[in-house]
Amino acid sequence: MRPSWRGSTDRNARSLAFNTIAQSSPLMIGYLASFLSAPIVLGGLGLRAFGIWALTGALVQYVNLLDFGVGQVLVRFVALYDAEGARDAIGEVLGVGFATIATVAVVLVGGSWATAGALAHDLGGISPTNMRTLLLCSSWMVCAAMLVNVMTAYPIGLRRMVAPNVAKSAGASVNFLFSISAILISPHLVVYALANAAASFVTVLIVMGVTLAMRPRLPLGFPQVARLWNLLRFSAQNQILSLASLVNFQSDKVVLALLVSPSAAGAYELSNRVAAAAREVGVFTTSAMIPTFTARRATSSRAALASLYERLTKQSSALAFPALILTATLAPLILAAWLGTRPPHSTTILIALSLAYIVNTTTGVGNALAYADGKPGISARSASVTAIANIVLTVTLAPAFGVWGVMTGTIIALTGGAVYQVALVHRHFKIPIRQYRDATFPTFAMAVALAVPASTVVALSLGLGRWLQAVMCVVLAVCYLSCYSYAAMRMGAMPTAITRLLPWRKAAVLDAKS
């Protein structure tokens, strides 16, 4: 008999924390590698070529939707069927996952050949042959990522998340080495694209080896009609979320490239690397929740899962708010210290994206609970509204206001859509809205208040040299985070795993008790 959630709270909390760290490691390593490589890549390729590469990757991502959403939900179904003891069902859903990759690959290759000429003509300054090579490399990278996700869905769904994520982290490191080597050997966009494609191939081999070492034989099978229908019905709702997420997080890049300039798209890609990394600090606490909550849903009531909502939202928000608000505050110093210069519009984009992600990061726990309860339509509905608003606002405002219009539309759409999702989750689980307010407002207010003196120092530091700006950036970040973490600990908002790492934890706890 499986233990109940209530009867094993401490053990489950430790397991969730450990798996969360494992799940987040590849992303964080990828962001770190991207951060370190960006100045070298930008110096070798130039902002325009860098923007073209970012555009091709964004366009190819849309074709990924042809997997019917299966790849994104495999982990959830593996966890569900494992909880039910249905090993054959696990094999069937994994078989569907591999089949959808073939469908996407065929469309990607055909689309790359057919559209390369027209896209090269619209952008200018690149030949159809080179554009076709870029599209094919991006296509392979998407297919490789899908292969990795399907292969790792089995161990991750079983909550064995360390080994597959170590393999993914190794792949991110390989990509970093290949990218830097390509720029140093031959700073040409096509060479850079081929190097990234080769790194994706090596990553697939690494993940395959680790997965087979864990389980020499993956359970594969041909799905029964009823089970296939159940999978596709769920994944179709999730696919709406995937499409909306692409619109919300990739459309700005496309709009800027086609309606403003490829250089603006390059500036967006650079700024978004920083903002997305800051956002990941807030959402990493939810990365292991879907398989964990799904498995526990078989033995726990909806009310039991909903009772975790306020505590987990409070903890994830306590990490998200300072990361994003600090990034917006230090944006000019971060870009100057990182790149040695601030590309046109990059500061505006970084500030706007950091602000746009703030409320969005508070929806992660609610999204995980909805998935565990078999209701992906909740997140899909809010994401669809967000995507429509994002497209309408950015396309409408871009011709008249350029980058400012695009980023204003993004802030309005992402913030409004996040608020709508919070309302849907609270209504579904019958959670009073005050729980969300109590979980988020105190730490948000504190993070903003601490940013006020920091922004004054930033304004006074803009005339300094690159290295002095880097020093000021580090000093301000350390002071800000030290003050924030001490206050957050007194409020009981910080996750226990983080609290244990802070040197002033005992003083904060004693101060809070007094």
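The values are calculated or read from the model by the stated rules, or taken from the named source; none is laboratory data. All values derive from a computational prediction rather than experimental measurement. Note: ideal-geometry Cβ built from the backbone for every residue, glycine included; neighbour counts use all protein chains shown. Surface accessibility is based on the protein's heavy atoms, side chains included, excluding ligands, DNA and RNA. Shrake-Rupley method; radii C 1.70, N 1.55, O 1.52, S 1.80 Å.
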Between the modelled labels at I40 and L339 (7 Å from Cα along Cα→Cβ) the distance in nm is 1.9 nm
For the pair L220 and A459, the simple spin-label estimate (label points 7 Å beyond Cα toward Cβ) gives in nm 6.2 nm
In whole Hz, the Karplus estimates of ³J(HN,Hα) for region 91-107 (6.51, -1.76, 1.60; θ = phi - 60°; x where Gly or Pro) are x, 5, 6, 5, x, 5, x, 5, 5, 5, 4, 4, 4, 5, 4, 4, 5
Full extension between C483 and F201 adds, at 0.36 nm per residue less the Cα distance, a length in nm of 97.1 nm
Residue span D88 to V471: 0.36 nm per residue of separation minus Cα-Cα distance leaves a gain in nm of 132.2 nm
With all protein chains present and a 1.4 Å probe, the order of K168, K375 from largest accessible area down is K375, K168
By the Kirkwood definition, with r running over pairs of different Cα atoms, region 96-200 has a hydrodynamic radius in Å of 15.3 Å
Note on region 128-280: alpha-carbon gyration tensor, axes a ≥ b ≥ c; rule is a/c under 1.5 for rounded, else prolate if a/b larger than b/c, else oblate; result oblate
Measure of exposure for F35: accessible area at 1.4 Å probe, Å² rounded to 10, is 80 Å²
A correct Karplus calculation of ³J(HN,Hα) over region 142-156, with 6.51 cos²θ - 1.76 cosθ + 1.60, θ = phi - 60°, whole Hz and x for Gly and Pro, returns 5, 5, 5, 5, 5, 4, 4, 5, 5, 5, 8, 4, 5, x, 5
Here the gain from full extension of A118 to W404, 0.36 nm per residue of separation minus their alpha-carbon distance, amounts to 100.2 nm
